[in-house]
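Asker: Have a look at the structure that comes next, please.
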Amino acid sequence: MTVQDALFAESTTANLLPYDGSAVLHASAVPDGDSLFERLGSEIPWAEHQVFVFGRWVQQPRLTAWFGDSNLPYQYSGNSLPAHHWTPDLLSIRVICEQLAGSTFNSALANLYRNGSDSIAWHADNEPELGTDPVIASVNLGQERRFDLRHRDTGETVKVPLPHGSVLVMSGPTQHHWLHQVAKSSKPLAPRINLTFRMIHA
């Protein structure tokens, strides 16, 4: 298995993936990130949920909230989350993501990683309601965390540090061929807010 470490000081439009998809990091895409982080931390109705994995219910290791047009629900791992109304800040960030991705979005999952113990396991954003070759715009505010992508067949791994104010756009067949995760860390990490914008098809 080969490992490709992607380290970026400035914004780049290079594809981080060697094949079978596209993942482009825009390192300084969200202006006024410090203020946004503080406001989103207090105005988003964060909640703790359980997920059904490997035949049992377990506590999700992060806090989440779902936003969408027309009360679009989000269903995953035994959960069905009702959509909250967009906040002005989230609508502004959505516009930035749509410009960067060249796509429109009608929903977003907000994730709060409180410390290094909070994480998300290997998965792909490939739910049927996302359609074929979904475009995902992932916004990162607060503590920088490492984002890993692993090819389903070859096992090749790409490791990307996601800095404060960055947007990672995944598109093409990425979700068919690559899994991704944010692993736990033993380091004393500060909180991180992640917003993943998507298009849900009825």
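The values are calculated or read from the model by the stated rules, or taken from the named source; none is laboratory data. Owing to the predicted nature of the structure, the values given are computational and were not obtained by experimental measurement. Every residue, glycine as well, gets a Cβ built from its backbone with ideal geometry; the counts of neighbours run over all protein chains shown.
Asker: So which residues in the stretch 66-91 are at pLDDT 75 or above and under 16 Å from the mean Cα position of the chain (by Cα), if there are any at all?
Answerer: Matches in the stretch 66-91: Trp66, Phe67, Gly68, Leu90.
Asker: Out of Leu168, Leu179, report the one residue that is farther than 26 Å from Arg39 by Cβ, crowded, with 16+ Cβ neighbours inside 10 Å and not charged (D, E, K, R).
Answerer: Values: Leu168 fails: farther than 26 Å from Arg39 by Cβ.
It is Leu179.
Asker: Checking Val95 against (1) surrounded by 16 or more Cβ atoms within 10 Å (Cβ to Cβ); (2) β-branched (Val, Ile, Thr); (3) farther than 18 Å from Ala23 by Cα: exactly one of these is not met. Which one?
Answerer: Of the numbered conditions (1) surrounded by 16 or more Cβ atoms within 10 Å (Cβ to Cβ); (2) β-branched (Val, Ile, Thr); (3) farther than 18 Å from Ala23 by Cα, the odd one out for Val95 is (1).
Asker: Let me confirm something: among Leu63, Leu17, Leu25, which residue is within 24 Å of Val95 (Cβ to Cβ) and at pLDDT 70 or above?
Answerer: Of Leu63, Leu17, Leu25, the one residue that is within 24 Å of Val95 (Cβ to Cβ) and at pLDDT 70 or above is Leu25.
Asker: A further question follows. From the list Asp133, Asp153, Asp148, which one is acidic (Asp, Glu) and either buried (at least 18 other Cβ atoms within 10 Å of the Cβ) or within 13 Å of the chain's Cα centre (by Cα) (or both)?
Answerer: So the residue among Asp133, Asp153, Asp148 that is acidic (Asp, Glu) and either buried (at least 18 other Cβ atoms within 10 Å of the Cβ) or within 13 Å of the chain's Cα centre (by Cα) (or both) is Asp148.
Asker: Let me ask something additional. Starting from the stretch 136-148, take each residue that is in contact (Cβ under 8 Å) with a residue 12 or more places away in the chain and list its partners that are in a loop (DSSP other than H, G, I, E, B) and aliphatic (A, V, I, L, M), counting only C-beta distances under 6 angstrom and pairs at least six apart or across chains.
Answerer: Hits for this filter: Gln143/Leu189; Gln143/Ala190.
Asker: In addition: Looking for whichever is of a type in the set (Asp, Glu) and closer than 26 Å to Val58 by Cβ here; the options are Asp125, Asp133. Which one fits?
Answerer: On the way: Asp133 fails: closer than 26 Å to Val58 by Cβ.
One residue alone meets the criteria, Asp125.
Asker: Can you say whether Val139 is out of contact with any Lys or Arg (no Cβ under 7 Å at 6 or more places or on another chain), over 13 Å from Ser171 (Cα atoms) and among the β-branched types (Val, Ile, Thr), as far as the supplied structure shows?
Answerer: So Val139 fits the description; yes.
Asker: Could we say that Asp125 is touching a residue at least 12 places away in the same chain (Cβ under 8 Å), more than 15 Å from Asn140 (Cα to Cα) and of a type in the set (D, E, K, R) here?
Answerer: yes
Asker: Continuing with this model, one more query. Would you point out which residue out of Ile193, Ile200 is modelled with pLDDT under 95 and buried (at least 16 other Cβ atoms within 10 Å of the Cβ)?
Answerer: Ile200
Asker: A further question on this structure: Show the residue pairs that are 6+ apart or on different chains and have beta-carbon atoms under 6 Å apart, the first residue being within the stretch 39-52 and over 15 Å from Pro82 (Cβ atoms), the second being modelled with pLDDT of 95 or more and assigned to a strand (DSSP E or B).
Answerer: From the stretch 39-52, the pairs are Leu40/Ile193; Glu48/Leu63.
Asker: Hey, another quick one. Six or more apart or on different chains, Cβ under 8 Å: which pairs go from a residue in the stretch 182-193 that's acidic (Asp, Glu) to one that's assigned to a loop (DSSP other than H, G, I, E, B)? Could you list them?
Answerer: none
Asker: Let me ask something additional. Quick check on this structure: which one of Gln99, Gln60 is polar (S, T, N, Q), in contact with a His (Cβ under 7 Å, 6 or more places away or on another chain) and without any contact (Cβ under 8 Å) to a residue 24 or more places away in the chain?
Answerer: Sole residue among the options that is polar (S, T, N, Q), in contact with a His (Cβ under 7 Å, 6 or more places away or on another chain) and without any contact (Cβ under 8 Å) to a residue 24 or more places away in the chain: Gln60.
Asker: Can you give me the ranges of the strands (runs of 3 or more DSSP E) entirely in the stretch 67-135 with at least 1 residues that are under 23 Å from Pro173 (Cα atoms)?
Answerer: 74-76, 107-113, 120-123
Asker: Might you let me know whether the stretch 68-91 holds any residue that is among the small types (Gly, Ala, Ser), within 30 Å of Lys187 (Cα to Cα), surrounded by 15 or more Cβ atoms within 10 Å (Cβ to Cβ) and touching a Phe, Trp or Tyr at 6+ places or on another chain (Cβ under 9 Å)?
Answerer: So far as the stretch 68-91 goes, no, none of its residues is among the small types (Gly, Ala, Ser), within 30 Å of Lys187 (Cα to Cα), surrounded by 15 or more Cβ atoms within 10 Å (Cβ to Cβ) and touching a Phe, Trp or Tyr at 6+ places or on another chain (Cβ under 9 Å).
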